[in-house]
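Every number in this text was worked out from the coordinates using simple rules, so none of it is lab data. If you're wondering where the values come from, they're calculated on a predicted model, not measured in any experiment. Because the Cβ atoms are built from the backbone with ideal geometry, glycine has one as well, and the counts that use them run over all protein chains shown.
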Amino acid sequence: MKKVLITGGSEGIGYAFAEEYAKQGAALFLVAKDHIKLEQAKNVLQGKYHVPVEILSVDLSLPQAAEEVFAVFASKEIDVLINNAGVGRTGEALTIANEEDEKLIQVNITSLMILTKCFVGQMKKRGQGILLNVASTGAFQPGPYQASYYASKAFVLYYTRALNEELQGLGVSIYCLCPGPINTAFYQKSNGVMSRYHMSARNCAVYALNHMHKKVVLIPGWFNRFLFYVPTAWKMHWLTKNKK
């Protein structure tokens with residue numbers, strides 16, 4: 001039975017991945033901050049798909065949280081790690097509180113990196129495994145009024161691509177998912193505004209699963225793939241105009 005660990009697995013894209021893997025009969029290990037939402041996700045997935053689900057409530061914005069996750073699940077021999085947990089902040093970069101930016105960096109960069117090193121290190125020793133890091137189309141250009149978020153996703157993209165090169169031929173498959181706007185609670189939590197052009201979390205997860213093993217960087221949605229080729233200066237102008 002395939003064993004899948006998903007951070008931010010209680011809702012949104014993370015839960016969509018959990019459901020798709022549950023359909024395949026995988027054992028799930030879900031990590032998120034909100035224990036109530038984790039319990040709800042566990043009950044639904046177990047009841048509907050009859051798969052084993054283990055949950056861990058932990059705040060990945062705290063130092064040592066990623067090490068705690070590894071300590072709990074290290075013995076499980078995880079086959080698939082999906083680093084999906086992430087936070088965003090919308091506003092003028094210089095006015096966002098330092099502690100908010102520090103939490104963002106801890107979740108989006110530091111915890112992701114530590115979890116990757118710990119679990120993918122195990123995969124490398126076994127000679128098999130899958131890593132999927134969730135970035136964003138924001139990784140492709142600077143993001144005025146979401147400066148820290150876009151910059152953190154650029155780290156995820158380039159860190160993942162570099163790791164893919166380092167692990168060539170060692171049996172570990174590495175992917176970076178770069179979704180555009182997704183219909184989740186992310187925008188409400190980050191004080192942002194949902195784009196009129198968006199897709200469902202399920203469609204995002206299904207696209208990723210269908211296109212893994214074809215390319216490293218996965219961009220769901222034809223419009224998002226089109227925007228990838230739009231000049232950076234134009235995209236920055238559009239972002240600035242629409243965030244003010």
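For a straight C-alpha distance cut-off of 12 angstrom, the aspartates and glutamates reachable from LYS124 (same-chain residues fewer than eight places away being disregarded) are GLU77, ASP79, GLU166. Counted over segment 118-165 with a bin width of 10 Å, the fraction of Cα pairs per bin, in whole percents, is 26, 41, 23, 9, 1. Taking only the C-alpha atoms of segment 42-96, the Rg (one decimal) and the largest Cα-Cα distance, Dmax (whole number), read 15.9, 49 Å. From most to least packed by mean Cβ count within 10 Å, the peptides 119-132, 74-87 give 74-87, 119-132.
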